[in-house]
Amino acid sequence: MGQVFGNMKDKYILCVIFSIIIFFYACNNSENKENRTVFRYNESAGITSLDPAFAKDQANIWACNQLYNGLVQIDSQLRIRPCLAKSWTISEDGKTYTFYLRDDVYFHNTDFFTFPESKRKMLASDVVYSFKRIVDKKVASPGTWIFNMVDTNDQGEYAFFDLNDTTFVLRLTESFPPLLGLLSMQYCSVVPYEVVEKYQKDFRKYPVGTGPFMFKTWKEGLKLVMLKNPNYFEYEGNNRLPYLDAISVSFIIDKQSVFMEFVKGNLDFMSGLDASYKDELLTKDGRLNPVYNKHMYMLTMPYLNTEYLGFLMDKNQENAKNNPLLIKEIRQALNYGFDRKKMLRFLRSNIGKPGCYGMIPYDLPPFDTNNTYGYVYNPEKARALMAAAGYPNGIGLPIITISVSESYMDIVQYMAYELEQIGFKIKISKLQSGTQRQMIAKSELPFFRGSWIADYPDAENYMSLFYSKNFCPQGPNYTHYINPQFDKWYEQSQRTINDSVRMDLYRKMDKLVMEDAPVIVLYYDQVLRFVRNEVENMENNAMNLLVLKRVKKKN
């Protein structure tokens with residue numbers, strides 16, 4: 001019995017000790033959970049892929065920007081900065097780029113890797129693989145176009161080379177000065193070939209990159225969770241980035257519900273503005289309603305996004321002979337026929353700048369408010385142009401139909417009212433946004449609403465919309481605009497590496513487009529970010545790119 005009793009006593013003591021350990025572990029674990037900083041935001045549009053080869057829209061781009069890195073990155077001032085490449089050189093003819101890579105970058109830890117500690121170093125061969133994957137027809141990435149200027153051999157192989165583990169070379173057919181900005185796009189993220197080859201198309205939901213955050217879980221349409229990458233290579237002073245422990249993304253579709261969740265503190269960040277809560281959140285002059293100052297702050301700056309209406313300029317389109325929109329004077333009259341400043345004041349609380357200065361957006365060189373080739377409200381001049389086109393006071397002018405999605409109905413209705421005051425007859429055709437995009441791509445809409453958000457911070461990106469060799473669906477020339485002089489200047493701008501010469505060519509092209517009027521520029525957009533007061537170091541940039549690696553959050 002003595003021995004048995006002794007065993008029971010020992011077991012009792014062990015149980016007590018074990019209980020105490022469990023208690024303290026639970027407390028510490030609870031405390032750790034409380035100390036974890038989780039940044040929460042919502043994606044109403046949903047995320048369709050976590051594969052950077054398909055980072056086409058903002059929702060996918062924002063998520064991919066947390067998971068991956070490219071050779072270069074842009075800072076908040078849109079300057080090109082090193083990332084996976086610590087430096088680079090460009091040949092005198094502007095055709096050969098040599099990138100020297102960091103040797104301390106590892107892909108996210110994953111059970112897939114069999115290397116020590118599940119760590120696998122990023123190499124120049126991974127850059128070659130990642131770039132070749134973008135142009136692989138079997139992958140069918142929408143980013144294939146970004147390497148159109150890369151040289152190819154007789155077998156069609158692209159000029160991507162790894163000279164050694166830390167040296168990558170890219171060769172172009174002609175110089176292309178915006179290339180570094182283009183390489184900052186998420187399409188150009190570097191991925192590990194082993195993981196992509198294993199998962200193939202399913203890589204979209206099993207992503208592995210080198211970014212500040214790594215994939216944890218994704219329940220499509222419900223929640224996406226990304227965790228801090230403990231081996232991330234970037235530092236801020238002596239502090240390894242990122243500061244946040246995790247990112248949680250929800251997918252609430254209704255914008256009013258998103259606003260309510262943000263106000264209640266269930267979301268840390270909200271981007272953009274919706275009509276359902278605009279008047280509640282902002283004052284009439286576009287400032288944050290003081291009622292909310294205790295809970296949030298607003299960040300704003302110019303956004304590289306030009307909102308416009310486009311005319312289909314194809315003279316072979318159906319009913320071309322009876323289409324007044326193919327007459328330049330009519331397109332110019334429509335440009336002069338409404339007040340952009342009043343439109344922004346009443347419909348957008350002065351968020352954005354009136355589109356009176358050309359297609360190149362506000363704050364992107366060579367944008368200049370002193371230029372005189374844009375359009376301002378001038379009903380007298382509009383009437384004179386209508387008369388010159390053979391339609392005095394609109395007499396004999398057919399009904400003009402504008403195709404638009406639901407979210408832009410208020411702007412087009414405002415325009416229609418003002419244009420009708422000078423003799424135009426306007427009909428509004430409301431389409432689902434997806435249907436509208438498809439019809440624009442198929443050149444089925446004579447007059448349509450469009451917008452162009454910069455893919456990279458260079459005005460060439462906007463001028464490419466009017467280059468005759470960029471006809472959609474292969475390129476972004478949705479208006480089918482053709483002007484030999486424009487094409488000559490555009491091609492010349494791609495060959496020169498002199499920035500001042502390029503800026504002058506961009507101005508000439510922009511002025512010519514405004515004269516020919518294949519578009520009506522409505523306004524230049526503005527980035528609006530609403531952030532809870534607990535969040536610090538939230539970056540803002542004119543590309544509206546979500547950068548969270550330096551963000552901190554108070555508990």
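No other residue among 513, 519, 501 is free of Cβ contacts under 8 Å to residues at least 12 places away in the same chain and not assigned by TED's automatic domain parsing to the domain that holds residue 181 apart from 501. In the set (1) closer than 30 Å to residue 262 by Cα; (2) touching a strand residue (DSSP E or B) at 6+ places or on another chain (Cβ under 8 Å), the condition left unmet by residue 455 is number (2).
Here's a check for you: in region 262-280, which residue that is within 24 Å of the chain's Cα centre (by Cα) and outside any loop (DSSP other than H, G, I, E, B) is surrounded by the fewest Cβ atoms within 10 Å (Cβ to Cβ)? Looking at residues that are within 24 Å of the chain's Cα centre (by Cα) and outside any loop (DSSP other than H, G, I, E, B), I get 278. Once region 396-430 is narrowed to residues that are of a type in the set (Gly, Ala, Ser) and under 20 Å from residue 386 (Cβ atoms), the residue that is nearest to the chain's Cα centre (by Cα) is 416. Considered as a group, the residues in region 461-508 that are among the basic types (Lys, Arg) and touching a helix residue (DSSP H, G or I) at 6+ places or on another chain (Cβ under 6 Å) include one that is farthest from residue 447 (Cα to Cα), and that residue is 502.
What number of residues within region 287-308 satisfy the criterion of being in contact (Cβ under 8 Å) with a residue 60 or more places away in the chain and either more than 17 Å from residue 349 (Cα to Cα) or touching a Gly at 6+ places or on another chain (Cβ under 9 Å) (or both)? The qualifying residues number 12. Is it the case, given these coordinates, that residue 239 is of a type outside the set (Ser, Thr, Tyr), in contact with a His (Cβ under 9 Å, 6 or more places away or on another chain) and surrounded by fewer than 18 Cβ atoms within 10 Å (Cβ to Cβ)? Here the answer is no, as residue 239 does not meet what is asked. Scanning region 471-489 turns up no residue that is closer than 28 Å to residue 320 by Cα, free of Cβ contacts under 8 Å to residues at least 40 places away in the same chain, touching a Pro at 6+ places or on another chain (Cβ under 6 Å) and of a type in the set (S, T, N, Q).
If you go through region 461-501 and keep only what is modelled with pLDDT of 95 or more and charged (D, E, K, R), you end up with 487, 488.
Scanning region 319-344 for residues that are within 29 Å of residue 542 (Cα to Cα), out of contact with any strand residue (DSSP E or B) (no Cβ under 7 Å at 6 or more places or on another chain) and in contact (Cβ under 8 Å) with a residue 40 or more places away in the chain gives 336, 338, 339, 343.
Close contacts from region 365-379, counting a first residue that is under 14 Å from residue 521 (Cβ atoms) and assigned by TED's automatic domain parsing to the domain that holds residue 421 and a second that is among the acidic types (Asp, Glu) and surrounded by fewer than 16 Cβ atoms within 10 Å (Cβ to Cβ), with Cβ to Cβ under 8 Å and a gap of 6+ residues or different chains, come to 373/515. Scanning region 143-162 turns up one or more residues that are among the β-branched types (Val, Ile, Thr) and touching a helix residue (DSSP H, G or I) at 6+ places or on another chain (Cβ under 6 Å).
Can you confirm whether region 240-255 contains a residue that is assigned to a helix (DSSP H, G or I) and at pLDDT below 95? Yes - at least one qualifying residue is present in region 240-255. The residues of region 293-320 that are surrounded by fewer than 17 Cβ atoms within 10 Å (Cβ to Cβ) and either among the β-branched types (Val, Ile, Thr) or part of a helix (DSSP H, G or I) (or both), listed by number, are 300, 320.
Among the candidates 522, 528, 505, the residue that is of a type outside the set (Val, Ile, Thr), more than 24 Å from residue 186 (Cα to Cα) and touching a strand residue (DSSP E or B) at 6+ places or on another chain (Cβ under 7 Å) is uniquely 522.
For region 413-434, a tally of residues being at pLDDT below 95 and among the aliphatic types (A, V, I, L, M) returns 1.
Results for (1) hydroxyl-bearing (Ser, Thr, Tyr); (2) modelled with pLDDT of 95 or more; (3) in contact with a strand residue (DSSP E or B) (Cβ under 7 Å, 6 or more places away or on another chain); (4) assigned by TED's automatic domain parsing to the domain that holds residue 191, shown as yes or no for each residue.
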position	(1), (2), (3), (4)
70	no, yes, no, yes
78	no, no, no, yes
81	no, yes, yes, yes
102	no, yes, yes, yes
113	no, no, no, yes
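Looking at region 187-228, which of the residues that are small (Gly, Ala, Ser) and modelled with pLDDT of 95 or more is nearest to residue 266 (Cα to Cα)? Selected residue: 211.
The values are calculated or read from the model by the stated rules, or taken from the named source; none is laboratory data. Note that the structure is predicted; figures quoted are calculated from it, not measured. Reconstructed Cβ throughout: ideal geometry from the backbone, glycine too, with neighbour counts over all protein chains shown.
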